[in-house]
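Nothing in this text is a laboratory measurement; each read-out follows from the coordinates by a stated rule. Everything quoted here is computed from the prediction, not taken from an experiment. Quick reminder, even Gly has a Cβ in these numbers, built from the backbone with ideal geometry, and neighbours come from all protein chains shown.
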C-alpha cells in the first residue's frame with residue numbers, strides 16, 4: 001500500500017458530506033447528486049491528490065484503466081497520479097462515461113496528456129489480457145517509468161482480467177479504496193478515499209511455480225496461468 005498523508009477539514013468538506021448523507025437518507029437523491037457533483041467531488045479530488053503525495057503523482061509513465069459505469073473512482077485515480085500516457089478499456093455500456101472521465105481530469109481535458117482507448121467485451125477475458133499486453137509492449141519501447149493498471153471500474157470479469165495481466169506483466173495494480181463505507185446508503189464516505197497499490201500474489205509463490213505461471217502467460221495460455229495463480 002502506498003503511503004498516504006493525513007489531511008484536515010480546512011476545506012469544509014465534512015459539512016457538505018453531513019448534508020449529503022442526510023439528503024440520501026431522506027430519499028432526496030436528486031438534491032444529493034447535485035450537491036455531490038458541485039461541492040463535494042471537487043474537494044474529494046483535491047484530497048486524494050494530497051493524500052497520495054508527490055512520489056506517486058509523478059511516478060508512472062502510463063496508466064491503463066478498466067471503465068465501468070461509475071466514472072468517479074477513475075477520475076480520482078487520475079487526480080492522484082499524472083502519467084505521460086493513459087489507456088482506457090471500455091465496453092459498449094461504459095463508453096459514454098469516457099467523456100465524464102476526460103472532462104473531470106484537468107490534464108486530459110486540456111489535452112496535456114494523450115489518451116488511447118479500446119473497446120472490449122467484458123466476458124472475453126482473453127481479449128482483455130491481450131489488449132493490456134499489447135499496450136504494455138507498445139509503451140515499453142519508449143517507456144521511461146513504471147506502468148500501472150487501475151481495475152477499480154468494470155464488472156468482475158474485467159477486473160479479474162486486468163488484475164491477472166498486471167500481476168504477470170509485473171505492473172503496479174492500483175485501486176481506489178476508502179477508510180469508511182456507509183452501509184445504509186451503500187457508498188464510501190466522501191473524503192475517505194485513497195489510492196492503494198495492491199500486492200502481487202506472484203511474490204508469494206515459489207520460484208518454480210512463478211516461473212511456470214509466467215511461461216504459461218507469455219505463451220498465451222491465460223486460463224492455465226490464472227488457475228495456477230489462484231491455487
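See the values below:
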read-out: Whether the range 49-198 is rounded, prolate or oblate, judged on the alpha carbon gyration tensor where a/c under 1.5 counts as rounded; value: rounded
read-out: Percentage relative contact order, the chain, counting C-alpha pairs under 8 Å, at least six apart; value: 19 percent
read-out: Antiparallel %, DSSP beta bridges [both residues in the chain], to 5; value: 30 percent
read-out: Ascending count of other beta-carbon atoms within 10 Å, so fewest first, for 11, 106; value: 106, 11
read-out: Sorted by Cβ neighbour density within 10 Å, fewest at the top, the residues 25, 212, 141; value: 141, 25, 212
read-out: Neighbour-count order for 20, 136, 57, fewest beta carbons within 10 angstrom listed first; value: 57, 136, 20
read-out: C-alpha long axis of helix 41-52 to longest principal axis of the chain, angle in °; value: 50 degrees
read-out: Beta bridges per DSSP with both ends in the range 45-116, % antiparallel, nearest 5; value: 0 percent
read-out: Rounded Å value of the spacing that divides the Cα centres of the range 16-39 and the range 52-73; value: 26 Å
read-out: Spin-label pair residue 221/residue 119, simplified geometry with 7 Å Cα→Cβ offset, distance in nm; value: 3.3 nm
read-out: Angle in degrees between helix 156-169 and the longest Cα principal axis of the chain, rounded to the nearest 10; value: 50 degrees
read-out: Tilt relative to the chain, helix 207-218 - C-alpha long axis, 0 to 90 degrees, to 10; value: 90 degrees
read-out: Distance in nm between pseudo-label sites at residue 198 and residue 57 (7 Å out along the Cβ direction from Cα); value: 2.7 nm
read-out: Extension gain (nm, one decimal) between residue 19 and residue 93, 0.36 nm per residue minus Cα-Cα; value: 23.5 nm
